[in-house]
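The values are calculated or read from the model by the stated rules, or taken from the named source; none is laboratory data. Computed from a predicted model, the values in this text were never measured in an experiment. Every residue, glycine as well, gets a Cβ built from its backbone with ideal geometry; the counts of neighbours run over all protein chains shown. SASA here: full protein model, heavy atoms, side chains in, ligands and nucleic acids out. Shrake-Rupley method; radii C 1.70, N 1.55, O 1.52, S 1.80 Å.
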Amino acid sequence: MISRNPGWSLEDVAAEARCSRGEAEQLCDELSVLGLLTPASDSSSGYLTVAPEAALSRLFSAEERQVAAHTELVSRIRESISTLARDYHRLSEVRREQVEVQTLPHPALVNAFLEDAGSTARVRMRSMHPGGPPPEELIDDMLLRDKEMESRGIKVEALYPCRTAEVPYMAGYLADAVRPGREARTADYLPLQMLLFDDDVAVLPVDPEDSGQGALVVHGQALVCSLHALYDYCWHSATPAHPVPSSQAVEPVLDGPERVIVRMLADGVKDEVIARRLGISSRTLSRSISGLMERLGAQTRFQAALRIAESGLLG
């Protein structure tokens with residue numbers, strides 16, 4: 001209305017819009033905030049209209065300036081946090097020159113700490129596992145962990161009891177564990193559960209007879225180096241695990257659908273999704289996977305996919 005009737009007052013605008021003068025003034029103020037009106041003392045209504053294209057251009061420019069300012073602020077905050085993190089790391093190293101023992105009273109806390117410690121390991125991770133074999137459903141997680149550490153160049157060593165190697169799925173895992181930078185050995189006797197990360201962190205059980213009691217985390221090279229010496233003694237007395245026998249070596253006889261199945265298994269795609277994408281029944285897919293595992297001598301589906309991927313058959 002103001003654009004078509006530049007001589008109108010606010011009263012005229014209010015009468016045409018069938019509202020009060022105060023409501024008309026409030027609406028004009030809101031349009032002014034949006035940039036569609038601009039205050040003008042020499043105008044009858046007190047406002048002049050602005051072309052929508054010009055108003056939008058000003059709004060976008062203002063938004064771009066705000067985004068740029070916010071980006072600059074985030075950059076400064078990130079730089080400050082990085083500086084604090086470096087300073088904290090140096091202070092932590094000074095603080096841990098002496099041996100420090102941290103208690104993790106619950107298995108959930110132990111698992112969370114181990115995951116973080118594995119992700120931040122710099123050079124090596126050594127583990128000693130007395131007792132029975134881990135549950136079969138954890139084998140794929142163990143292979144994934146080993147693969148992730150291998151990708152970061154972390155040297156991995158593991159010790160298991162000899163009787164563990166007699167369990168078929170563990171025998172397959174130990175055979176797959178023999179890779180550049182990864183080695184597994186078996187021994188008749190291992191004294192206690194132990195995980196060593198680099199040269200300054202060790203995780204030991206609170207009660208060697210009951211893992212449910214939690215764990216102790218030892219920080220500091222002064223004691224961890226002694227635990228490495230104990231590990232070395234057990235390691236050199238142990239027997240190296242054998243790699244995958246040549247009779248189980250992957251043969252380059254995968255057809256097209258089998259390659260697709262293996263790729264999706266390695267990516268963690270669910271069976272029903274694989275079957276749907278291939279247009280086959282779940283039973284047919286199950287038979288195909290079982291046949292592949294038998295030909296590869298693999299105990300788990302991920303283990304089969306890992307062996308094929310590492311053979312280079314998938315390109």
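Some points to look at:
- Virtual spin-label span in nm between Ser282 and Ser9, 7 Å along Cα→Cβ: 8.0
- Sulfur and carbon atoms: percent of accessible area, the chain [1.4 Å]: 55
- Mean accessible surface per residue for the chain, computed with a 1.4 Å probe while every protein chain stays in place, in Å²: 60
- Legend: residues Lys270, Lys155, Lys147, sorted from most to least accessible area (1.4 Å probe; ligands, DNA and RNA excluded), read Lys270, Lys155, Lys147.
- Given R0 = 22 Å, the distance between the Cβ atoms of Leu216 and Asp267 translates into a calculated FRET efficiency of 0.05.
- Separation in nanometres of the label points that stand 7 Å from Cα toward Cβ, at Glu150 and His236: 2.8
- The label-point distance for Arg58 and Asp42, in a model that sets each label 7 Å from Cα toward Cβ, rounds to 1.8 nm.
- Contact order normalised by residue count of the stretch 111-231, Cα under 8 Å, 6+ apart, percent: 25
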